[in-house]
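The values are calculated or read from the model by the stated rules, or taken from the named source; none is laboratory data. Note that the structure is predicted; figures quoted are calculated from it, not measured. Counting neighbours? That spans all protein chains shown, and the Cβs are built from the backbone with ideal geometry, glycine included.
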Amino acid sequence: MPPADSRDWMWAEACEMLGRAERLHRQFFQPVPARQAVWEPPFDLFETERALWVVVALPGVSSDHVEMLIQGGRLIVAGVRTLPAQARGAAIRRLEIPSGRFERHIELPPGRFEVAERSFADGCLMLGLRKLDRAAP
């Protein structure tokens, strides 16, 4: 194979590899629609005789940025975590705490519930869900 042919082949191969890389980049790094959740916060669920207690880890989330809804046997906790003011204009060296829109669907045990308590403590949303099907003593 003459030297000119090998350069053409290498150039064509390099262009094909760049094209594949571009297609993969578009496939995996698509912009997320504004209302679609970007991350799911972890949670703990505890049950007592009269209530369910839900603890959702939401570090850096303001209580006014959280929505809750009980619907179809699920508790839905959704909202937005923004980056702290100190991060604006700064070079990000490491980012492990997710930011952006979050939404968590928590399957509840059978029964009817209502939110009886809601508080924020130590970066966690604490919810007390009263069991409505339980007869009062």
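Summary table below
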item: Matching entry among Arg93, Arg118, Arg112, Arg104 (being of a type in the set (Lys, Arg), in the same structural domain as Glu47 (by TED's automatic domain parsing) and within 20 Å of the chain's Cα centre (by Cα)); result: Arg104
item: Failed item, numbered, when Glu114 is tested on (1) over 16 Å from Val54 (Cα atoms); (2) touching a residue at least 40 places away in the same chain (Cβ under 8 Å); (3) of a type in the set (Asp, Glu); result: (1)
